[in-house]
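Student: Before I ask anything, let me first share the structure, which is written out below as structure tokens.
The values are calculated or read from the model by the stated rules, or taken from the named source; none is laboratory data. Everything quoted here is computed from the prediction, not taken from an experiment. All Cβ positions, even for glycine, are placed from backbone atoms using ideal geometry, and neighbour counts span all protein chains on display.
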Amino acid sequence: MSLSVQLLWLIPALPLLAAVVGTLAPRGEFKLSASTAIAALTLSFLLSCGALITALADPSAHLTSNFTWFDLGHGAVRLGWLLDPLTALMCVMVTFVGLLIFVFSTGYMRDDANAKQFFCFLSLFAAAMLGLIIANSLLLLFVCWELVGLASYLLIGFWFHKPEAAAAAKKAFITTRIGDLGLLLGLLWLYDSTGTLLLYDEGQGVLDPVVLAGLGGSTAIGLLIFCGAVGKSGQFPLHVWLPDAMEGPTPVSALIHAATMVAAGVFLMARVFPLLTPDALIVIAFTGAITALLGALIACAQSDLKRILAFSTVSQLGYMMLAIGVGSWVAAIFHLLTHAFFKALLFLGAGSVIHAAHHEQDIRALGGLRGPMKTTFVTFAIGMMALAGVPFLFSGFWSKEAVLHAAHGWGFSQIPFYAGLVAVVLTAFYMTRLVAEVFFGHPRGNGAAHAHENTAAMTLPLGLLAACTILLGAIGTPWWPWLQRTLDPEFLSEPGGAGLMATSIVLVALGLGAGWALYGRKLRQKSAAADPLAVIAPRAFAFLAARMKFDKLYAATFGRLSDTLAACADALDRHVWDGVVRLLARLGRFTGLVNREADEEGLNAGFDATSESIRATAKAYSRAHTGDAHGYLLMIAFGFVVLVFAVLVGGGR
Amino acid sequence: MSALPFTIYVSFTGALLALAVGARSAARARLVALSTAVAGLAITLVAGAGFTPQAGLHTLVDLPWIAEAGIRYHLAADGISLTLVVLTGLAATAGVLFSWNIEERAGEFFALYLALIGGVYGVFLSADAFTLFAFYEIAIVPKYFLIAIWGSTNREHGAMKLVLYSFAGSALVLAGLLWVHAAGAATGFGLGELIAAAARVSPGEQIAMFALVFLGFAVLAGLFPFHTWAPTGHVAAPTAASMLLAGVVMKLGAYGCLRVALPLFPEGFAFWQPTIAWLAVAGILYAGFIALVQDDFKFVIGYSSVSHMGFVLLGLAAGNPPAVAGAVLQMFSHGVIAGLLFAVVGRMVYERTHTRRLADLRALPLHRALPFAALVFVIAGLASMGLPGFSGFPAELAILIGTWKTSPAWALGAGAGVVLAAAFTLRAIQVAFFGTTDKSAAQPAAASLPCEPITLPERAGAMLLVAATVYVGLNPDALLDWITPALQSPVMQAALKGGVS
């Protein structure tokens, strides 16, 4: 059954609906919330398969369905869906892996008081991720990108009563948002240059050849978009949030911080690959190479089960980015797909171990779990071999081979290729260390001693993922590069590569052998015993264990800068701006006082004197008014005489 | 549409009525206030439903007032004023719902409150500069009494500072208007007449006049560095007043800039444009940094308000249709979201815990004691961070799209503000509501925390505002369809053309 592009929105809409239903469900309705979430994602999975059938009918076509979101007067902002093999394969992968993780979570989160809410957030996350994949508009992609960030914030901080979890959630959100700022600016620039953010739009989208040619290749736009991918996909130098994000419940780590969300950045770069100029690709390739090497190095010295896996994710994402940079986005997507399965498998395996061992996740305190947890051990071992790149049987080998092959063929520089080879050895080494410490030897802690295999809700997904981990390699071998040809109809499988394959097999063997020599031959006896590597090179080990001190460096630079700026702004506001206002107020008061004094001394004195003299005159007059009639008559008579006298004198003239 | 002036009359009548019945019963005063506010909202919504978007102002009332000076009582509306009167209706209704617990001198409280609302409606509907100015002054006076009588921390200081800033601003506006009236030999104070008069003055004079009028209005919009009245005023004000202050009163300033300063003096605007834009960007970042380190919960929100109003001013300064449309949308969005934030902090939290210090709130298990308040604050916080799905996202996006056209550097600065907004909002959410980390310690504290449950009016008010921000967030065209045609009018076109550098 095929699914038309017009109905593609149903794929993210169903989990979104499940999230709404879960939110509205009364508190404690864990079953309702979980079953709605699983049912919705199952339907989405079926629809995704339908979409894949549609897409495979003509792999070179980009089916779209666009509409206007809002109108700014000068040009509308349009959104849309896009259906091509890349979208369809990603949808199938996300819904399938997501579904298994949802099922696993019903076992893992059974006893959590807020399990209902947990499934809402999971559904919200799935909806946002699927929306991001089907977007035919970079704006819609950005919208979903932000919602993915939000869902991951809610899920990392799900156990917010742990201070580390709350801090990790905040760190993840803010760090990725720094990258998002670059992405946003890139989109603004692109929109300003082309007037659209649609990817394909009947010849008018940004990825359509006409517009691409008009754009003339802008390295800056590509690099700004890459900033978003650096944040979300945990690339150097914004990788610091990813290992901390392991504070969330383990299914979250599996779903978000290993299998799907972190792949969003790689997906984005694959999606906008035609936009990237050769200069931008160089930056991407080197960033990827650094990340691959750095993640693998740090992973060698971690002792937290989930953190080792987290840094291996960082390293693998580096591989994918490296593949994009050297020009083979197809290899990147191949590795993305296989990695999603085996990393989900490894994380769920880790979850199974942690759940059984009463939330003990320090590998030094585990040990000997091979016996009591057979299913977990076997499936984890399959995942480990896929990640380490054990040849032929495991999908990880083929996809990693594709990446290395592409890197080898890159004309600009061979440095990323060699970085990739070194990381191959390191990956095999630290994964051997992990398996030897956790599953071999004897239990070194209370949790591990009482561990037993989990229920079917948890082991069944492990089995399915293990099967996929093995089978998936078949779709992209050099003899039958089906995936590559489907994604990119112009893909040409280059001959040769047997020598390269032999080299990497030797390197994997080297890594496995070194790991086993250090950790497997002489198994750890006590949890407090020093790490063999720490004995050999204590300073290097401590440096790596402290994650190369990136967090300290950022705290000392950006953290302090932000604190200083904030303190300065606060002081400026309190003392300077407000001070000016207070000064003005004081000036007003002072003027008032001066005026009052002037009134008293100057004006008032004058007025007082005047009124005093008026009073004196009045007093003199009032003294004259004696009320004595005789006196008045006397005065009248006197006046009369004076008048007569005056008339006589005057008239006489 | 023609019923819009009744929003003003209904509000003033309601004010008198509330004063009359309030002497005997606080409950009746509340009912009067609520029905008045709802009536105002209903009028605006009905007018909005029947509104055909058009370029230019649609005259509602035009009567001679002071004939000797050519002053007319001229009310008119376009999509911009319509957006803002709908916002006023929403904020007024929600504000009454969040003042439901006012018992002390309730009649006077609601009388002043409604008088303020009436003045605000008047400003948004005026098409005569003098009428606008008169309503502007009417809106300022009740604010003083609302804060000085019913306020909290340092209320007299806050009230006086706010009123002095407002009056200083309006003095500048008045001086500018009288100057252009005299220098351009205007026949009256109608906006059209003043625009004609301003066209007759020299460019140098325009630059000076624009500075007076724009600065006068922008003070009320929280332009950096004339913003310091805003945080202190917000903190001192009672909940409903801080909701109105952030929700609509700050919009008066921005609206004055857009309606009066820009159209009157396009050349002055072109001269001052970069200065305004950089001040706006500085305000966004500066207030964001301050919000990051405040210990008073209300100060965090107060400074976040200044930061978000920086986006409005930046949109105006960018001076092209997408940016200005975004600025108007942001006025609406910020009005709703800031109202929501202040409601949670002032009414739901402070009046129950009697503390706004984050250090104290951290010790309280608020997410457990007040789950609804926590939920609303998280939603409002996400909206405030500009996450998609809420009205802030399309608004800030439109502003950034437009700003990029004028100057990518401004867009970069403002974009950094978005990261800051995430940082200070998440900090506030986590410290205030999810600060208690010890499960065992939380239980007895929750029991001893004397929290009355969230009341029905509070729930209703919160739902109203959340619905508004989500609706506009998902369907920004609901407002943009009103706003964008209004920017096509010749008057606006002339102003915005001058604005493209």
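Student: Kindly indicate whether B:PRO444 is more than 14 Å from every other protein chain (Cβ to nearest Cβ), modelled with pLDDT under 90 and part of a helix (DSSP H, G or I).
Tutor: It is true that B:PRO444 is more than 14 Å from every other protein chain (Cβ to nearest Cβ), modelled with pLDDT under 90 and part of a helix (DSSP H, G or I).
Student: Quick check on my filter: what residues within segment A:18-53 are polar (S, T, N, Q), closer than 30 Å to A:TYR200 by Cα and surrounded by 20 or more Cβ atoms within 10 Å (Cβ to Cβ)?
Tutor: A:SER44, A:SER48
Student: Residues being more than 7 Å from chain B (Cβ to nearest Cβ), under 17 Å from B:PHE424 (Cβ atoms) and aliphatic (A, V, I, L, M): count how many of those fall in segment A:141-171.
Tutor: So the answer is 2.
Student: Test A:GLY602 against the stated conditions and say whether it is more than 13 Å from every other protein chain (Cβ to nearest Cβ) and not in a helix (DSSP H, G or I).
Tutor: Considered against the rule, which asks whether it is more than 13 Å from every other protein chain (Cβ to nearest Cβ) and not in a helix (DSSP H, G or I), A:GLY602 comes out as no.
Student: Among the listed residues B:THR59, B:THR52, identify the single one that is among the polar types (S, T, N, Q), over 23 Å from B:ALA460 (Cα atoms) and assigned to a strand (DSSP E or B).
Tutor: B:THR59
Student: Go through (1) more than 14 Å from chain B (Cβ to nearest Cβ); (2) surrounded by fewer than 22 Cβ atoms within 10 Å (Cβ to Cβ); (3) not small (Gly, Ala, Ser) one by one and return the number of the condition A:LEU83 breaks.
Tutor: Looking at each condition in turn, A:LEU83 falls short on (2).
Student: Exactly one condition in (1) more than 14 Å from chain B (Cβ to nearest Cβ); (2) in contact (Cβ under 8 Å) with a residue 60 or more places away in the chain is false for A:LEU63; which is it?
Tutor: (2)
Student: Related question: I need a count of the residues in segment B:17-38 that are surrounded by fewer than 19 Cβ atoms within 10 Å (Cβ to Cβ), of a type in the set (Gly, Ala, Ser) and part of a helix (DSSP H, G or I).
Tutor: 3
Student: Let me ask something else. Tell me which of these B:ALA494 doesn't satisfy, since it passes every other one: (1) within 26 Å of B:VAL376 (Cβ to Cβ); (2) outside any loop (DSSP other than H, G, I, E, B); (3) more than 9 Å from chain A (Cβ to nearest Cβ); (4) at pLDDT below 85.
Tutor: Going through the list (1) within 26 Å of B:VAL376 (Cβ to Cβ); (2) outside any loop (DSSP other than H, G, I, E, B); (3) more than 9 Å from chain A (Cβ to nearest Cβ); (4) at pLDDT below 85, B:ALA494 breaks only (1).
Student: So which helices (runs of 4 or more DSSP H) are wholly in segment B:153-252 and hold at least 1 residues that are within 27 Å of A:LEU584 (Cβ to Cβ) and touching a residue at least 60 places away in the same chain (Cβ under 8 Å)?
Tutor: B:155-183, B:203-220, B:229-236, B:239-244
Student: Of all residues in segment B:474-483 being in contact with a Phe, Trp or Tyr (Cβ under 8 Å, 6 or more places away or on another chain), surrounded by 20 or more Cβ atoms within 10 Å (Cβ to Cβ) and in a helix (DSSP H, G or I), which is farthest from the other protein chains (Cβ to nearest Cβ)?
Tutor: B:TRP482
Student: Additional query: Considering only segment B:323-330, I want to know if a residue exists there that is among the polar types (S, T, N, Q), crowded, with 24+ Cβ neighbours inside 10 Å, more than 11 Å from chain A (Cβ to nearest Cβ) and in contact with a Phe, Trp or Tyr (Cβ under 7 Å, 6 or more places away or on another chain).
Tutor: Yes, because at least one residue in segment B:323-330 is among the polar types (S, T, N, Q), crowded, with 24+ Cβ neighbours inside 10 Å, more than 11 Å from chain A (Cβ to nearest Cβ) and in contact with a Phe, Trp or Tyr (Cβ under 7 Å, 6 or more places away or on another chain).
Student: For segment A:446-495, list the helices (runs of 4 or more DSSP H) that sit wholly inside it and hold at least 3 residues that are closer than 22 Å to A:LEU345 by Cα; which are they?
Tutor: Helices (runs of 4 or more DSSP H) meeting the threshold: A:456-471.
Student: Please go through (1) within 23 Å of B:THR93 (Cα to Cα); (2) within 14 Å of another protein chain (Cβ to nearest Cβ) for B:TRP229 and return the number of the only condition it doesn't satisfy.
Tutor: Of (1) within 23 Å of B:THR93 (Cα to Cα); (2) within 14 Å of another protein chain (Cβ to nearest Cβ), only one is false for B:TRP229: (1).
Student: A further question on this structure: Specify the residue that is farthest from the other protein chains (Cβ to nearest Cβ); the eligible residues are those in segment A:175-202 that are of a type in the set (Ser, Thr, Tyr) and either more than 20 Å from A:ALA270 (Cα to Cα) or in a helix (DSSP H, G or I) (or both).
Tutor: Within segment A:175-202, the match that is farthest from the other protein chains (Cβ to nearest Cβ) is A:THR194.
Student: For the list (1) farther than 21 Å from B:ARG368 by Cα; (2) touching a Phe, Trp or Tyr at 6+ places or on another chain (Cβ under 7 Å); (3) surrounded by 24 or more Cβ atoms within 10 Å (Cβ to Cβ), I need the number of the one condition that A:LEU155 fails.
Tutor: So the condition that A:LEU155 fails would be (1).
Student: Name the residue that is modelled with the lowest pLDDT, counting only residues in segment B:346-381 that are in a helix (DSSP H, G or I) and touching an Asp or Glu at 6+ places or on another chain (Cβ under 7 Å).
Tutor: Checked segment B:346-381; the qualifying residue modelled with the lowest pLDDT is B:ALA359.
Student: Further question: Out of all the residues in segment B:77-88, is one or more over 22 Å from the mean Cα position of the chain (by Cα) and closer than 30 Å to B:PRO490 by Cα?
Tutor: Checked segment B:77-88: no residue is over 22 Å from the mean Cα position of the chain (by Cα) and closer than 30 Å to B:PRO490 by Cα.
Student: If I go through segment B:130-171 residue by residue, how many of them are more than 20 Å from the chain's Cα centre (by Cα), of a type in the set (A, V, I, L, M, F, W, C) and surrounded by 19 or more Cβ atoms within 10 Å (Cβ to Cβ)?
Tutor: Matching residues across segment B:130-171 total 2.
Student: Select from segment A:517-551 the residues that are of a type in the set (Gly, Ala, Ser) and under 29 Å from the mean Cα position of the chain (by Cα) and list them in ascending order.
Tutor: Scanning segment A:517-551 gives A:ALA542, A:ALA545, A:ALA546.
Student: From the list A:ALA128, A:ALA172, which residue is surrounded by 24 or more Cβ atoms within 10 Å (Cβ to Cβ), over 12 Å from the mean Cα position of the chain (by Cα) and in contact (Cβ under 8 Å) with a residue 60 or more places away in the chain?
Tutor: Just one listed residue meets the conditions, A:ALA128.
Student: With the structure loaded, tell me whether A:HIS239 is more than 23 Å from A:LEU130 (Cα to Cα) and buried (at least 24 other Cβ atoms within 10 Å of the Cβ) or whether it fails that test.
Tutor: In short, yes.
Student: Of B:ARG368, B:ARG356, which residue is among the charged types (D, E, K, R) and away from every other protein chain (no Cβ under 11 Å)?
Tutor: Residue meeting the stated conditions: B:ARG356.
Student: Right, next: Could you list all residues from segment B:79-100 that are part of a loop (DSSP other than H, G, I, E, B) and either touching an Asp or Glu at 6+ places or on another chain (Cβ under 7 Å) or buried (at least 24 other Cβ atoms within 10 Å of the Cβ) (or both)?
Tutor: Within segment B:79-100, B:PHE98, B:SER99 qualify.
Student: Being among the polar types (S, T, N, Q) and more than 29 Å from A:GLU164 (Cβ to Cβ) is the filter here, so list the residues in segment A:245-288 that pass it.
Tutor: Listed by number, the list holds a single entry, A:THR277.
Student: Within segment A:226-233, can one find any residue that is among the aromatic types (Phe, Trp, Tyr) and crowded, with 24+ Cβ neighbours inside 10 Å?
Tutor: Yes, segment A:226-233 has at least one match.
Student: Would you say B:LEU382 is more than 11 Å from chain A (Cβ to nearest Cβ) and among the aliphatic types (A, V, I, L, M)?
Tutor: no
Student: Looking at segment B:394-411, which of the residues that are facing chain A (nearest Cβ under 9 Å) and surrounded by fewer than 24 Cβ atoms within 10 Å (Cβ to Cβ) is nearest to B:ILE483 (Cα to Cα)?
Tutor: B:LYS405
Student: I'd like to check something: does segment B:34-49 contain any residue that is touching a strand residue (DSSP E or B) at 6+ places or on another chain (Cβ under 9 Å), under 21 Å from B:GLY339 (Cα atoms) and in contact (Cβ under 8 Å) with a residue 24 or more places away in the chain?
Tutor: no
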